[in-house]
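A short worksheet on the structure shown next.
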Amino acid sequence: MKFTLTLIDWQARAPGLSDADEWQAWSRRSDAIDPAAPLAKLTDLPMMTARRLNSGSRLAVDLGLMMLRKHRIDAVVYSSRHGELERNFRILQALAAEQPVSPTDFAMSVHNSAVGNLTIAARQPVVSSSVSAGMDTFQQSLCDVLSLLHAGYSRVLLVDFDGLLPDFYHAGLPPQMPVWPYALALVIEAGNTLSCETHVNRTPEEPALPQSLQF
C-alpha cells in the first residue's frame, strides 16, 4: 500500500521532551527516552478536566486542544494501543477487593474517552473516531485519516498516545516495550509532501518506540 500526505503541523510530548527543538535534537541522537524524566506542563487543558484524565489522555487532549486552537480541523482521529488501561486496572483492583468502583473511573473507562473529552473541552462537535489495533495502531489510524480525506474532509487531526502502563503488567511485557506516557499530534491534509509505503514485517518483534514516534 502506497499513499501520500501533507503534514501541516505537529507537536509531541514524552518524558523529558516537549518542544520541536528538543525532539529534533533527540531524533539526531536516537537516545532512549528516560521514563523518569518530567513531563512538560499542560498548556491548553483546563485543570478540572485534567484531574479526571489518566496520564496519556491528559497529554492527548492537551495537544488536541492546542491544534484545534491553531487550525481549522474538519475531523479528528485518536489512536491508542492501551487506551484507558490505567483506569481499568483501578476498576479491576476495586472489584477484586470487593470495593465500590469509582463512578468517574467507570464513566471514563471506554476507549473513546480521550477524544470525547477533547470535543467537550473544545466545545466543537467535530467528526471523530478512536482506533486501537495492537502494535499497528498508528498505522491503522493513518488508514482512518486517509478514509476521511477521501470522503471529503480537508484537514484531519490525528493524535496517537498511550498512558503509563501499570507495574502489574510489566512482567508479562517484552523488556523493550515502552511503558511511559506520550502523545503525538499531526495535522494532515491531502497532498504529496510525505510519501509512505507499507511493508510486511516477516519477523515482528516489539519495538522500543511506538510506531508514531518512529514515524
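Derivation of every value follows stated rules applied to the coordinates shown; laboratory data play no part. Please read all numbers here as calculations on a predicted model, not as lab measurements. For neighbour counting, all protein chains shown are included, and Cβ atoms are generated from backbone atoms with ideal geometry for every residue, glycine included.
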Review point. Of the residues E84, E189, E22, which exhibits the maximal mean-square fluctuation in a Gaussian network model of the chain defined by a 10 Å Cα contact cut-off?
Key: E22
Study note, to complete from the structure: Under the helix-only model (-39500 (n - 2.57) for each DSSP H run of 4 or more, divided by the residues of the chain), the mean residue ellipticity at 222 nm, to 500 deg cm²/dmol, is -10000 deg cm²/dmol
Check your understanding: Comparing A183, A121, A32, which has the greatest mean-square fluctuation in the GNM of the chain with Cα pairs linked when under 10 Å apart?
Key -> A32
Review point. With springs only between Cα atoms under 10 Å, which of N54, N201, N88 fluctuates most in a Gaussian network model of the chain?
Key: N201
**Study point:** segment 186-192 - phi-based ³J(HN,Hα) in whole Hz, Karplus 6.51/-1.76/1.60, Gly and Pro as x
**Key:** 10, 9, 10, 10, 5, x, 9
Check your understanding: Near the amide H of V131, under 5 Å away, which other amide H atoms are found, from residues 5 or more places off or on another chain, if H is placed in the peptide plane?
Key -> Y78, S79, S80
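Compute the Rg/Rh shape ratio of the chain: radius of gyration over Kirkwood radius, all on alpha-carbon atoms. Intermediate results must be reported in sequence, preceding the final value.
Working: Rg = 17.2 Å, Rh = 17.9 Å.
Ratio of gyration radius to Kirkwood radius for the chain: 0.96.
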Revision key, fill the gap. Most exposed first, judged by fewest Cβ atoms within 10 angstrom, L95, L165, L59, L186 run L95, L165, L186, L59
Check your understanding: So what's the gap between the Cα centers of segment 31-55 and segment 165-215, to the nearest angstrom?
Key -> 19 Å
Practice item. Using R₀ = 22 Å, calculate the FRET efficiency as 1/(1 + (r/R₀)^6) where r is the Cβ-Cβ separation of L92 and R52; round to 0.05. Key: 0.70
Exercise for review: Subtract the Cα-Cα distance of Q99 and A37 from 0.36 nm times their separation in residues, and report this length gain in nm to one decimal.
Suggested key: 18.9 nm
Practice item. Quick one: work out the % antiparallel among DSSP beta bridges in the chain, nearest 5. Key: 65 percent
